[in-house]
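Before any comments, here is the structure.
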Amino acid sequence: MPKAYLALTKIQTFSPISIAVPLTYLSSPVYPLPPQTTALGALAYPLLRNSPEELEQGCSSAIKLLDYIVYATAGAESYTITRTIERMYNTVYQKTVRWVPTDRGNDEKLRWGILATGYVTYLNNSLYILYISKNRDILQYVYGITRIGKKEGLVSVEEVLIDEVDKHVDDSAIKVEITFYVPRHLAECYPAKVYSMPILHRDNFCQSIRPQVQEFYVPLEVGKMVCRVLDNATVLRINDQEVVIPKTVLR
């Protein structure tokens, strides 16, 4: 069986992060934690920033990382979701005849609008992302993570632990307290909210009208959630963090 490696990354955020639900309007609700696709995108930037932005098939260049990253999850000690009003440039969403400035005053009034945008702020500005990969070298690029979310919120990497997954597996764990989100089919968690979030699937990195999603337990705004681990899951104990992952990623 090939070895699997993990990278537990502690990230410092410098401002609130905005991560919108796919295929929704700009003022839609936001996810409290970066979904797997956002986590992969954050890693793709330092690895692929010198590559073309899109492949010929109309897919994001981040799709290349699916050959290496087999799982990802994120967590925070606590978070707060807020909304703010922003000015929005509307012209690109209107008829092309309005893209060129004219003397008509009515067209000028339609160029700008307002937008209510959701943001998430983390306790101590700290966010954790866990990556699992079959290739250890790919995980070295977590040191280059500098932006997350639809607004490309600037971040910096504060701490990184890269190690073999086997060293942190606890097959005897039945109940754990965690801050990382967990797929609903792997555990029963409380207190928690259930979010439908995009997963590491090729369709989610290409032009598609139907994102591939799963339901995840996400901890409430303050504190950890308690999870009873099901038979198809295993627990990782990494320093003072506990994470529930599918057993399949270790095969």
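So what is the diffusion coefficient of segment 5-250 in µm² per second by Stokes-Einstein at 25 °C and 0.890 mPa s, using a Kirkwood Rh over Cα pairs?
Roughly 127 µm²/s, to the nearest whole number.
Is segment 148-251 rounded, prolate or oblate when judged by the Cα gyration tensor, a ≥ b ≥ c being the square roots of its eigenvalues, rounded requiring a/c under 1.5 and prolate requiring a/b larger than b/c?
rounded
Place a label point 7 angstrom from the Cα of E188 along the Cα-to-Cβ direction, then list the residues of segment 222-251 whose backbone nitrogen is under 11 Å away.
Only 228-230 fall inside the zone, counting backbone N under 11 Å.
Pairs of Cα atoms under 8 Å, at least six residues apart: use those to get the relative contact order of segment 145-251, whole percent.
RCO, segment 145-251: 32 percent.
Calculate how steeply helix 36-48 sits against the longest principal axis of the alpha-carbon atoms of the chain, using the helix alpha-carbon long axis, and give the answer as 0 to 90 degrees to the nearest 10.
With both axes taken from Cα atoms, the answer is about 80 degrees.
Can you grab the distance from the C-alpha centre of segment 186-251 to the C-alpha centre of segment 125-184, Å, no decimals?
Answer, in whole Å: 13.
With a Förster radius of 25 Å, plug the Cβ-Cβ distance of Y143 and K167 into 1/(1 + (r/R0)^6) and report the FRET value to the nearest 0.05.
0.75
Which distance in nm do the two modelled labels at T80 and L123 give, with both placed 7 Å along the Cα-to-Cβ direction?
Calculated label separation equals 1.3 nm.
Using 1/(1 + (r/R0)^6) with R0 = 25 angstrom and r between the beta carbons of L220 and T248, what's the FRET efficiency to the nearest 0.05?
Once rounded, the FRET efficiency stands at 0.35.
Can you tell me the relative contact order of the chain? Whole percent, Cα pairs under 8 Å, sequence separation 6 or more.
With pairs under 8 Å counted, the relative contact order is 29 percent.
FYI, it's all coordinate maths here, none of it is from the lab. Quick caveat, the model's predicted, so the values are computed rather than measured. Backbone-built Cβ (ideal geometry, glycine too); neighbour counts: all protein chains shown.
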